[in-house]
Structure formats: structure tokens, C-alpha cells
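The values are calculated or read from the model by the stated rules, or taken from the named source; none is laboratory data. None of the values given here were measured: they were computed from a predicted structure. As a convention, Cβ positions derive from the backbone with ideal geometry for all residues, glycine included, and neighbour counts pool all protein chains shown. We work out accessible area using only protein heavy atoms, side chains counted, and drop any ligands, DNA or RNA first. Shrake-Rupley method; radii C 1.70, N 1.55, O 1.52, S 1.80 Å.
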Amino acid sequence: TGFAGFAAMASATSFVAVSDEALVDRAPLAVGGEVVAVDRAAGLADGVVRTEFEIAVQDVLKGEAPGRIRVAVPGGEAEGGLALKIYGAPLLRQGERVLLFLSPRGKFFRIEHLMLGVFHEVRVGDRRFATRRLEGASEVRIAGSALVPVVSHQPLRDFDAFAEWMYQRPQQTRA
């Protein structure tokens, strides 16, 4: 890719794609819910500046969760003007419906594989779709000892069918 390719990759977070199956299998918790609060100035947790999102859980697709959970994402603002920008970190919007793959982290949950563990609802007419938002992130593939940039296309999934598949997957793998 040369220096120009490397420079473009350096301005974004790079990721290696993870299959939907791997996300469901790895995550202890998968939920569908609505973002009811956003705190971009949540402060420090374990020495990392974070943003917190409160999620009203509407569907537990794997694992167990109370009716409301807090999800912490690296990046945001803290006291004293300290700020951290993580390119590609998920940005959830209040009122938005999401599907999340999560792991417990103390009193919070963290998103599995950062931006790859979040699916946002997108409406087209009467239809609801689930897709990832990967702004600020670049997909790479491992080819031998090199990272090769890839043009990533995120498919639109039928929101309800994808949530149902997420729910059914743990039962299928146990059978």
C-alpha cells in the first residue's frame, strides 16, 4: 500500500471483520433496545475516558439483563478538559433503537468488538433494517504478515429477522 495507504489507515481505527456467528457465540449478552440517555462527559473508568449510554432493554436475545443497562464506550470528555477521540467508536443517539452484543464490565457493559457489536435501526418506508455505522474505521484483512485495506460494505439486514436469528443462534449451537 505504500506510505500514502498507511497514512490513510493511521487516521482511522482499523478492524478485521468478525462474522455474525462469532459475535453471537462470543458475547455473553445480546439485546435489542432503545437508547434513553447519553452522557458524553461520563469521566474516567479504569483510567480511560468514556461515554455512557443508558439502554432500555426491550428484547433479551442472549443471556440475562435487567430492564435498563449502562453501556460504556471508550472516548468522550472528562473533568479538566481531558478528552479522548476513538475513531470508529460507536456513537449512539438518544431515541435510537439498536441491537447490541455485550460483555459485563463491573456495573457497566462493554460492546463486543467496539463498532462491530452495534447494529443501528434504519427505517426505509415501513421497513426496519439493521446496519453498522463504520465512519472513522477501516477494514483490513491479514495477508501473511501484512495488513491489506479492504473496501467494506455493510449489508442492510431485516431488523426483526436479524434479531430473531440472534435469539435462535444460541439454542442452535447448544443442540
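Identify which of Ala72, Ala22, Ala30 has the largest mean-square fluctuation in a Gaussian network model of the chain, with springs joining Cα atoms closer than 10 Å.
Checking each option, the largest mean-square fluctuation is seen for Ala22.
Find the relative contact order for the chain and round it to a whole percent, using C-alpha pairs within less than 8 Å whose residues are 6+ positions apart.
23
Scattering from the C-alpha atoms of the chain alone, worked out with Debye: what is log10 I(q)/I(0) at q = 0.12, 0.15, 0.19 1/Å?
Debye intensities relative to I(0), on a log10 scale: -0.60, -0.91, -1.31.
How much of the accessible area of the stretch 13-133, in percent, comes from carbon and sulfur atoms when a 1.4 Å probe is used?
Roughly 50 percent, rounded to a whole number.
What distance in nm lies between label points placed 7 Å from Cα along the C-beta direction at Val48 and Asp20?
That separation, rounded to one decimal, is 2.7 nm.
Could you give the nm distance between label points at Arg123 and Arg70, where each point is 7 Å from its Cα heading toward the beta carbon?
3.0
For the stretch 88-175, just say rounded, prolate or oblate: build the C-alpha gyration tensor, square-root its eigenvalues into a ≥ b ≥ c, call rounded for a/c under 1.5, and beyond that prolate if a/b exceeds b/c, oblate if not.
rounded
Given the DSSP H assignment, sum -39500 (n - 2.57) over each helix run of at least 4 residues in the chain and divide by its residue total; what's the result at 222 nm in deg cm²/dmol, nearest 500?
-5500 deg cm²/dmol
Between Ser103 and Asp160, how high is the FRET efficiency from 1/(1 + (r/R0)^6) when r is the Cβ-Cβ distance and R₀ = 25 Å? Nearest 0.05.
With R0 = 25 Å, the Cβ-Cβ based efficiency is 0.55.
Provide the per residue accessible area, probe 1.4 Å, for the stretch 35-119, rounded to a whole number of square angstrom.
49
Please give the contour-minus-distance gain from Arg93 to Ala37: 0.36 nm per residue of separation, less the Cα-Cα distance, rounded to one decimal in nm.
19.3 nm
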